[in-house]
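Contents: one structure, followed by commentary.
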C-alpha cells in the first residue's frame, strides 16, 4: 500500500510539472549588446578609441605600425568610426600597432 501511495504521489508530481510548465527553461535576461571598440579620433600624434563605456588615448610615434584588414597601411588610411584594436608598446601609453577594420553596421 505504501508503495502504491509513493508511486501515485510521484505520478501527481510529474503530472503537475508536465502540465504547468510551458516547456521552456526560466527566462534569462538578455546581455547588453556588445559595443565595438572604434576610432573616435586620430591624428599624427595620438589615437582616441571609444570602448563603448569610456574613451582611451594612446600616443602614436614613428615606430607605430598600422593595419587595415591585416594589410599594412599608413596612418592616413585609418578613419574615425572604424573598428580598432591597439597593441601597446612597452611604455603602456604608445601604440606599437593599430589594427583596423570596417565600421560596425548600424
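Values in this text are rule-based calculations from the coordinates and carry no lab data. As the structure is a computational prediction, the values presented were derived from the model and not from experiment. Glycine also receives a Cβ, built like all others from the backbone with ideal geometry; neighbour counts cover every protein chain displayed.
Report relative contact order for segment 38-101 in percent, whole number only (criteria: Cα-Cα under 8 Å, sequence separation at least 6). Walk me through the numbers before you get to the answer.
On the way: 129 pairs, mean separation 21.3, N = 64.
With pairs under 8 Å counted, the relative contact order is 33 percent.
Return one quarter of the surface area of the convex hull spanned by the alpha-carbon atoms of segment 38-101, equal to its mean projected area, in nm². Kindly include the intermediate steps, with their values, before the conclusion.
Details: hull surface 15.2 nm².
In nm², the orientation-averaged hull projection of segment 38-101 is 3.8.
Per 0.36 nm of contour for each residue apart, how much would the distance between residue 105 and residue 51 grow if the chain were fully extended, relative to their Cα-Cα spacing? Please report the intermediate quantities before stating the final value.
Details: separation 54, 0.36 × 54 = 19.44 nm, distance 1.58 nm.
That pair, residue 105 and residue 51, stretches by 17.9 nm at full extension.
Please list, in order, the residues from segment 45-74 whose amide nitrogen is less than 19 Å from a point placed 7 Å along the Cα→Cβ vector of residue 90.
Within reach of a label on residue 90, which here means backbone N under 19 Å from a point 7 Å along Cα→Cβ, segment 45-74 contributes 59-65.
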